[in-house]
Amino acid sequence: MPVELERIPAQQKLPPRPRFKRWLLLGIVMLLAGVATTFLFWKGERSGAAFWGLATGLPVVLWGLLVVGRYFGYALLRGRCVKKNATTAARYRADVARGQRFAWLIGEVLINGLGSASPMAHEAVLAKKPLMMPCEPVNGGNPVRHRALAATGEMADREAHYFQEVIAHVQNLVALLPPTLTCYLAVDTGEQFSTLPSLLQKSVSHPLVRISEMTGLEILDYWLDCHYDRAAALLVISAQLYENPPEDSGEAISVLLLTNCRLKDIPDASVKVHRPQMCRDGNLDRAFERVMMWSGLEKTALKQAWTSGGQMASGDIFSKAREAHAPGLKADKITHIDTVVGFAGVAAPWQALQLAARQCLSDSEAQLIVTELSEDNRQLCIVTPE
């Protein structure tokens with residue numbers, strides 16, 4: 001489940017301390033009232049212990065009982081409030097610690113024009129040079145800007161073409177894991193590649209445990225919560241192929257392997273993928289604040305960002321949140337992936353994560369990923385060098 005600090009109740013204000021001057025004034029009033037009342041209604045000689053005890057002793061005793069009761073009640077209320085605040089503070093610290101969990105990126109493969117075999121294309125993204133080309137829809141109509149994968153033909157044939165390639169990459173990545181390490185499998189492909197999970201579980205020698213069907217970076221969010229107490233790995237496969245591509249779209253297949261522990265044979269230069277932050281209420285400012293909190297970065301430490309989907313790079317909401325929580329992130333350091341290779345649908349968050357991780361390894365600087373899958377589903381994540 002996502003870490004939502006706003007669900008934690010606010011700290012309660014301590015009850016006001018009794019004001020002794022007011023109670024002293026009340027004591028004087030009670031004493032005068034007791035003396036006056038006794039003098040008016042006392043029948044007999046106005047002297048002796050009984051008279052003065054009733055005139056002065058009784059008001060003082062009543063006043064003392066009221067004062068003791070008031071301070072005792074204050075002590076109970078304060079103790080209860082302090083206890084609740086301590087519980088709230090402990091819950092806040094625990095949730096922040098849970099929010100600051102992260103995973104190590106062990107390996108990744110990106111199948112599209114920005115793949116590891118195409119460093120020129122990666123440079124094109126940084127240079128913001130569009131790689132999309134006109135594509136005619138299958139059912140006819142005007143050409144659209146689109147970045148397709150190499151395989152052509154019917155959708156079933158294209159999927160079959162990439163099945164073997166994906167399985168080969170998965171086998172190479174999983175071979176990096178110790179045999180005893182539990183590996184969870186998440187397939188984020190929408191309605192495509194429906195038989196891929198069963199094929200992987202049959203083809204890969206390392207046991208793969210399928211986890212709940214989710215989409216985008218919420219898979220990582222869920223895994224960090226539910227499978228963090230024991231050493232484990234997460235294998236994510238995301239793919240987006242278009243039969244009728246929309247304008248400014250692109251196809252991509254992403255394969256990522258992450259662990260929640262440091263593996264002995266992995267090189268020292270690696271990338272930490274911090275907990276992502278989901279933004280479903282439109283409050284991007286709060287989401288930006290939280291994702292910075294999860295990474296533990298100072299405001300000035302964030303220098304580069306990767307965006308995909310919608311108008312995140314040029315939107316006023318994103319600009320205001322960036323200026324408030326990451327003033328060191330300048331507009332010219334925000335790379336909008338869609339203008340180069342198109343929006344990759346369900347694979348967009350993972351493609352952005354991979355590109356950011358590669359750049360993080362290259363320049364050893366933290367990278368921000370912001371993906372808008374829909375108007376009510378924005379996903380933020382930060383990767384940092386180890």
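The values are calculated or read from the model by the stated rules, or taken from the named source; none is laboratory data. These figures come from a predicted structure and were not determined experimentally. Cβ placement follows ideal geometry from the backbone for every residue including glycine, while neighbour counts extend to all protein chains displayed.
Structure above, values below:
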read-out: Test: residue in the stretch 38-55 that is among the β-branched types (Val, Ile, Thr) and modelled with pLDDT of 80 or more; value: no
read-out: Single unsatisfied condition, Cys360 versus (1) farther than 23 Å from Ile237 by Cα; (2) crowded, with 19+ Cβ neighbours inside 10 Å; value: (1)
read-out: Asp332 modelled with pLDDT of 85 or more, out of contact with any Asp or Glu (no Cβ under 7 Å at 6 or more places or on another chain) and in the same structural domain as Cys279 (by TED's automatic domain parsing); value: no
read-out: Residue match in the stretch 49-69 (condition: out of contact with any Ser or Thr (no Cβ under 6 Å at 6 or more places or on another chain) and either closer than 30 Å to Arg275 by Cα or acidic (Asp, Glu) (or both)); value: no
read-out: Hits in the stretch 173-206 (condition: touching a Gly at 6+ places or on another chain (Cβ under 8 Å) and farther than 19 Å from Ala347 by Cβ); value: Leu176
read-out: Any hit, the stretch 319-333, residues being in contact (Cβ under 8 Å) with a residue 40 or more places away in the chain and within 17 Å of the chain's Cα centre (by Cα); value: yes
read-out: Filter pass, Ser319 being modelled with pLDDT of 90 or more and among the small types (Gly, Ala, Ser); value: no
read-out: Top-ranked residue in the stretch 176-226 [being assigned to a loop (DSSP other than H, G, I, E, B) and of a type in the set (Val, Ile, Thr); ranked as surrounded by the fewest Cβ atoms within 10 Å (Cβ to Cβ)]; value: Thr180
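Matching residues to (1) more than 19 Å from the chain's Cα centre (by Cα); (2) closer than 23 Å to Leu110 by Cβ:
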{"residue": "Pro197", "(1), (2)": "yes, yes"}
{"residue": "Leu200", "(1), (2)": "yes, yes"}
{"residue": "Asp221", "(1), (2)": "no, yes"}
{"residue": "Asp225", "(1), (2)": "no, no"}
{"residue": "Ala233", "(1), (2)": "yes, yes"}
{"residue": "Val236", "(1), (2)": "no, yes"}
{"residue": "Ala269", "(1), (2)": "yes, yes"}
{"residue": "Val273", "(1), (2)": "no, yes"}
